[in-house]
Structure formats: C-alpha cells, structure tokens
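Engineer: After the structure tokens below, expect a handful of questions from me.
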Amino acid sequence: MSLQSLPAATAAADLPPDPGAELPPGAELNQGSAEPPSAEEGGGGAEEQEEEGEKEREKLLPIPSASSAAAGGLERGAKNQFSTFSNFITTINQKKEGIGNRNSPTQLVIPNIKNVRDLPPICLDVRQKQRISIDTLPQELKAPIPPERSLPIRTKTVKDFQDDVEKAKSSGDWKAVHDFYTTTFDSFLEINAAFKKDANSSFNTTEDSGIDANFVNVVYDALLNTPQDVQKSVLKGVINGLLQEWTGPRTKDDLRAYCILLQNPQFSNTSTYVIYAHLLRQIAALTEADHHFLVHWSKKISQKRFKQLVDRLLQFISLRLFPAKPEEFPPMVKCTWWIPSAAKVLGLFNAANCLISPPIISYTDFYNSTLDHIDLMEEYHNWQCYGNSHRFSFCQYPFIISIAAKKVIIQRDSEQQMISIARQSLVDKVSRRQKPDMNMLFLNVKVRRTHLVSDSLDELARKRADLKKKLKVTFVGEAGLDMGGLTKEWFLLLIRQIFHPDYGMFTYHKDSHCHWFSSFKCDNYSEFRLVGALMGLAVYNSITLDIRFPPCCYKKLLSPPIVPCDHNTLVGICAVTLDDLFQIMPELAHGLSELLSYEGNVEEDFYSTFQVFQEEFGVIKSYNLKPNGDKIPVTNQNRKEYVQLYVDFLLNKSIYKQFAAFYYGFHSVCASYALLAEHTGRLRLNILLYSVLFGGWNAFCNLHHALCSKKRKKIAISMRFASFL
C-alpha cells in the first residue's frame, strides 16, 4: 500500500459526522484489516456486548460536526450580475426556499464555557458595533480544566533520536526509528509523552505550551526521508488519534497534540488531505477558550515553521477549489466543510500573527491569489445576505482575499449601487407622473471656480439624497461634458485648497509626510463634514487623491464602524498608543519614548505636570490632562499614565469636534446607514470598512512607511486602494 492509495483507504473511514461517509459505531482503523470481528471471536456474549455498547454510547457526547454554513457556501453557480436589489432578493428567496427543502448537514456545535470571559471570534464580523481584541482573556483562564491523564514515561532525547536515524541510514535497518514513530504518533497521550518538556508539569498557561519545539522539528525534518512504511505508520497513528471518541472538553495535552500534528510535513501531499481535513475540522470545532490557547502558543512558532503552516493551509484551500486531479478527493458535496475548517484554522494563525509586533510574517503571506479566479461578487452577496446565518463566505475571512480581489469587489459593488439608486429615482419620478430626464440619474454638482469651497459645500448639503449616484461636475460658465476629467479636476482643486496650510483646517507634518487635523477651535465645523464627504465620494467613485492620512485616521473612522442613531454618542474615539503618534509626529513621540526610558528622577529633572500647552493663533493655551492636572507632578511612577493621556489628548480629545464632523461626512457616503438597502430592509456595510476592520492597519502601516521612505517622493495614494490594504 503506497501513500498515493491512502485517500481511498481513509475515505472509507471518514470521521463522523460526515454526511457522505458515516462510520458504523465502534469502527476503527487497524494496521492490518478493517474488517469487524466475527461472531466466533465475539463468543456467546455478543448480545451482552451490544447492550453494553449501547449504554456506553448513550454516555458519550456527540462529536462536534461541521457547520452547515460550510455546506452551502461553496456551491458555486453562474456568475449572475444583479442590477437591482429587488431582483437580487427575489432570487435569494427562491434559493432559500429550495435549500430549505433539502437536507442540510449538521450544524457546527461549539460548546460554551462558563466562568470565562467571552472571547472575540477569530474573524470579527463588521456588523458588530464594538471592536474587540482577541487578547481579552487573562493569562490563566479560570475555566474548569479536565484532569490531565497520566503520561507514559518516554526518555528518548533529541540526541538519541538523531543517533538512531544515523545508524538506520548507514545500516539500512530502520526498525528502531520505525518503532519510535509508531509509538509516538499512536495516540495523543504518546505525542505528549514524547514531546512535552516535562511530563510532570501541567503547562496550563498561554505563555508556555510545554512543547519541546526543537525535538518536534528534528522528528518532522527526518520523517520525509524515512521509508514509506514508516511514513504510513505515522499516518495510521494520526487516524487512530482522530477517531477516538471524546467524552468531554479537551485537555491541554489534547491541544498540545493538535498543535504538534498541524506541523506534520506529510500534509503537504494531496494524498493525505482526507486526514488533514479531519484534523482541521476538529481544531475548528474547539471552544473559543481552546482557540485562545492555540493562538498564543502559535505565536511562539519560528518564522520559518509558521510560514510553512500558513502556506500549507492556503495550498489546501486552493487545491480543494481547483484540484489538479479531481479524482484524488471526495466529491465536493460530501466535503463542503473542508474549506470552512481550513479558513477558520487559518484565522487562528492570522490572529497569532497580529499579536506580535512586528508580525511574524507579512500580511501579504495570508493572501490566496486563487480566490481572484472565483466569483467574488457571489461571495460578497452570500456574506451580505446570509450574514446572520451559518453560510460560509470568504468575505468572513478578508485577510485571505488579495488587494486586487478587494478592489474588484468594491468597484462592482459601487457600480451596482449606482444603478440601483438611479433606477429607484426613475421609478419614483414615473410614479409621480413626472417627466424623467437624464440629470436625475446623477449627482450633479455645479460650482464656480471663484467660490469653489462654498459652492461645493452648498451643493453637497443640498443634495444629500443623491450622494450615492454617479458624480458629475459642471463649472459654471464653462462648456464641457464631464467624462471623468472634470470630476478629477474638481477633486484636485478642492483638496488643494482645503488642505493648504493657510486654510487652517489641516496641518502637514514634513517628518511623517502626512496631514492631520488642526486643533484650532472654530465656530463652524461644516467644512470638515465636507472633507469627509469628499473622501467618501472619492472612494465611491474610484478617484485617486494625493493626500495622506496616517493609519490612525482610518482606525478612528471605524470607531464605531456603524454610525450611531443617537448623535450624542461619541464617535471617532479609539484606543491610541505611542506608535500611532509616531506615524504623525515622530519627534514628539520620540521625546515621550525617551521620557519612558529615562533612568533618572523624572520629577526633579523634567519638572512637568499633567498639563499640556498649545499655540492657537499666537496665543499659548494650557489644558489639563486630568482633573487638577496642573498640580500633579509627573514622576517615575505615573509617567506611563502621563504619556498615554498626552497621546489620547493629541489624537482624540483636542480634535474631537473636527473629526466628528469628518466622520459623519465620510459615513454619509461610504458606510453603514448610508448603505441601508431599502429593498432588503437589511443593514449593508461597505466591504471597504469591513476589510480595514480585520487587520488592515498593519498592512497600511507597512505601505505608508514604504511610500514615505522611498526617496521621499510624493506618491499619490488612492484612498480606495489604501483602505483595502
């Protein structure tokens, strides 16, 4: 039996509850034969054994099954184009009725754990009104921990194993190596006995997995150079471990075994994908508390091994979507849970990657270019219309989708919205028995060059209902048809005037090559709302603007991502750090960093208080960072609080009114309630904000640094392109 024939063998022994390949109770994969014992072997007590078996099975908890979301998410149909939301919803309702008449796979069961604070999902849905960090649990969870089973005593060291391998290569006798692999991978207990640093220690914290990573790497590096029978014995042991029935929550030893098995290099071979899929399925079905441990343990993996794990998962998804040899895999209808399971496990590694600064690997290493060749709009609509169900869509995991794919999604989505809004305007006009005209299909902006800002402000304020239509600009007194050129010129002139330092709305920081909001107080903040609407129109109409906001600005635009109904709710306030200040005012941030690392007496040497000073129109004004801050000295003990309050004052409090107006202007075009689909009655959030919410900041920071340092040239950054990074 060769490795290439393994899928056929394992397909018959697929893990329950696979809708396409159920195992009878008590079935297991033996090294010799998979035949059940005969009646003679069972003796006269066969009936008693059956009764005992039934009782035991009643005691066992069901194995978590794959999500029904997976079952429906990968059925790819024709690439339909939706011209209106009404037609789209009609089609969807028909599909839902058809789906309801068919049997669907069992829904994924993820048990709840009491006494543990809720963890955020691996990939937050943008419909949530509050952003949550995955790192919300304490270092030691207070969840009830099942008692660890006693481990067998294994004394083989890395040196002993390497000596055995060298002897086997020279003599050709692989028995000792074969016995080691067979014993080690026979069960989860044996895996822990071999690779756990100390069998007597529990290692129940997120800080230390207790895995001897060096030993694991040495064993796996040698595995692919061993004879075929050795490699097959490892796979059989993995199958045995996955087939055992679980009677309760996983122990930390089980999580360690999962973490070790994921690193098996054999899973790069398509002949092992059936086994690999079941491993991913069990990991994806773990509780979120268990996922929390796996995420923190994964961030300790070396960069090389981490990259290999991510590449292996991406390859698994690609080959399942577009198999080179379809006969190698079970039919898609029987394994619709493969890709959702892999995507969720990939989400664990993405979460681990985001916990490290700088990240272990680049954000681009998570991109799967294969997804550029699927029906992206179908994926987007599936996520959009089935967001509250368990239907799978790659848009739930946007860190996998490349920039090019995201750009296609938002462009097509904007076009469809323009068509839908224009058609609705036409229907409304006809229903009122009025004569329709072409101008009603566009957002027509007429401005005078001499009064550019004031006219633009008036036009946008007067035509708020038309902001979702295609933009057309006309300069009064000038003949011309806007085919895109006049729109770009209008944006260019308006942005150049508004962002000029003499205008006083924004300040340009030469060190960081970016603009930031002026903290000067004014009586009317409507022009900041205009700038926000302009940014939204630029994104919506695919216009590239030569302006640079720091990543902190985009993060503030998502605080909250959904515009609150109550206008008294604070908006644009986000958690900021010294790193955010470095992106805008590097010199000031460097000074504050020096204060934090100062080894002398801060109070006596700096003689500072919790008070800051700012110059406004030639007048120095002071602001307290906290009540009675002018009377509280900055000391070695409270300097961290001082720095944090200072950063928060500069990036949040001092510009709150300016940014709040900017926030509402931007969201009037590009987000949440501005994208309420009248035909569906459902909240639709632009994929722009969705992609930024899930890890887009690290990507944008990397691009921002690259653009600012590349020969210090002025490179225009597309607002749309930057937002999708």
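Engineer: Would you mind checking LYS304/LYS555; LYS446/LYS521; LYS555/LYS657; LYS463/LYS510; LYS175/LYS299; LYS175/LYS307 for any pair whose Cα atoms are more than 27 angstrom apart?
Structural biologist: Checking Cα-Cα distances, LYS304/LYS555; LYS446/LYS521; LYS463/LYS510; LYS175/LYS299; LYS175/LYS307 exceed 27 Å.
Engineer: Once R0 is set to 51 Å, what does the formula 1/(1 + (r/R0)^6) return for the Cβ-Cβ distance between SER369 and ALA465, expressed as a FRET efficiency to the nearest 0.05? Display every interim value, and only then the final one.
Structural biologist: On the way: r = 40 Å, r/R0 = 0.79.
Working from the Cβ atoms, E equals 0.80.
Engineer: Then there's this: What does the C-alpha gyration tensor say about the overall shape of region 296-378? Classify as rounded when a/c is under 1.5, otherwise prolate if a/b is larger than b/c, or oblate. Show your work: numbers first, answer last.
Structural biologist: On the way: a/c = 2.29, a/b = 1.93, b/c = 1.19.
Judged from the Cα gyration tensor, region 296-378 comes out prolate (a/c at least 1.5, a/b above b/c).
Engineer: Take each of the peptides 514-521, 155-162, 343-350, average the number of other beta-carbon atoms within 10 Å over its residues, and list them starting from the highest. Present the calculation step by step, with values, prior to reporting the outcome.
Structural biologist: Values: 514-521: 19.0, 155-162: 12.8, 343-350: 25.4.
Final packing ranking: 343-350, 514-521, 155-162.
Engineer: Could you compute the net charge surrounding PHE549? Neighbours are other residues with a C-beta less than 11 Å from the C-beta of PHE549; K and R count +1, D and E count -1. Before the final figure, lay out each step's value.
Structural biologist: Working: positive: ARG548, LYS555, LYS556; negative: none.
Value of the local net charge: +3.
Engineer: Tally Lys/Arg at +1 and Asp/Glu at -1 over every other residue whose Cβ is under 15 Å from the Cβ of PRO436; what's the total? Spell out each step's value before the answer.
Structural biologist: Working: positive: ARG423, LYS429, ARG432, ARG433, LYS435, LYS469; negative: ASP428, ASP437, ASP466.
Counting the neighbours of PRO436, the net charge comes to +3.
Engineer: Extension gain SER542-GLN308, at 0.36 nm per residue separation less the Cα-Cα distance, in nm? Kindly include the intermediate steps, with their values, before the conclusion.
Structural biologist: Details: separation 234, 0.36 × 234 = 84.24 nm, distance 3.66 nm.
Here the segment from SER542 to GLN308 would lengthen by 80.6 nm.
Engineer: Rounded to the nearest whole Å², what accessible area per residue is found for region 242-391 with the 1.4 Å probe?
Structural biologist: Working: 4620 Å² over 150 residues.
Heavy-atom accessible area per residue stands at 31 Å².
Engineer: Within 10 Å of each candidate Cβ there may be at most 16 other Cβ atoms; applying that plus a DSSP loop requirement, which trypsin sites (Lys or Arg not before Pro) in region 409-462 survive?
Structural biologist: Taking region 409-462 and a limit of 16 other Cβ atoms within 10 Å, the loop trypsin sites (Lys or Arg not before Pro) found are ARG432, ARG433, ARG448.
Engineer: Please give the Cα centre distance for region 383-435 versus region 628-671, rounded to the nearest Å.
Structural biologist: 35 Å
Engineer: Which length gain, in nm to one decimal place, applies between ARG448 and ASP502 when the Cα-Cα distance is subtracted from 0.36 nm times their residue separation? Kindly include the intermediate steps, with their values, before the conclusion.
Structural biologist: Numbers: separation 54, 0.36 × 54 = 19.44 nm, distance 2.10 nm.
That works out to 17.3 nm of additional length.
Engineer: Compute the distance in nm between two label points, each set 7 Å from the Cα along the Cα-to-Cβ direction, one at ASN601 and one at VAL427.
Structural biologist: Reported label-point gap for ASN601 and VAL427 is 7.7 nm.
Engineer: Around SER454, with a cut-off of 11 angstrom between Cβ atoms, what is the net charge of the other residues, counting Lys and Arg +1 and Asp and Glu -1? All intermediate terms of the calculation are to be shown ahead of the outcome.
Structural biologist: On the way: positive: ARG448; negative: ASP455, ASP458, GLU459, GLU527.
Around SER454, the surrounding residues sum to -3.
Engineer: When only C-alpha pairs under 8 Å and at least 6 residues apart count, what is the relative contact order of region 321-431, in percent? Don't skip to the answer; put the middle values down first.
Structural biologist: Values: 52 pairs, mean separation 25.2, N = 111.
Normalised by residue count, the contact order of region 321-431 is 23 percent.
Engineer: Using a probe radius of 1.4 Å on heavy atoms only, what accessible surface per residue do you get for region 430-496? Whole Å² is fine. Could you put the intermediate results ahead of the total?
Structural biologist: Values: 4180 Å² over 67 residues.
Using a 1.4 Å probe on heavy atoms only, each residue of region 430-496 averages 62 Å².
Engineer: Separate question: Rounded to the nearest percent, how much of the accessible area of region 559-659 (1.4 Å probe, protein heavy atoms only) is carbon and sulfur? Don't skip to the end; give the middle numbers.
Structural biologist: Working: 3010 of 5710 Å².
Answer for region 559-659 is 53 percent, counting heavy atoms of protein chains only.
Engineer: Here is a follow-up. Beta carbons within 10 angstrom, averaged per residue: use that to sort the peptides 573-585, 621-633, 269-281, highest first. The partial results should precede the final answer.
Structural biologist: Values: 573-585: 19.1, 621-633: 13.6, 269-281: 22.7.
So the order, starting with the most tightly packed, is 269-281, 573-585, 621-633.
Engineer: Another question about this same structure. In region 173-191, which residues have a backbone nitrogen under 15 Å from the label point lying 7 Å from ASP229's Cα in the Cα-to-Cβ direction?
Structural biologist: The answer is 173-183.
The values are calculated or read from the model by the stated rules, or taken from the named source; none is laboratory data. Please read these numbers as outputs of a predicted model, since none were measured by experiment. Reconstructed Cβ throughout: ideal geometry from the backbone, glycine too, with neighbour counts over all protein chains shown. Note: accessible area is taken over every heavy atom of the protein model, side chains too, but ligands, DNA and RNA are not part of it. Shrake-Rupley method; radii C 1.70, N 1.55, O 1.52, S 1.80 Å.
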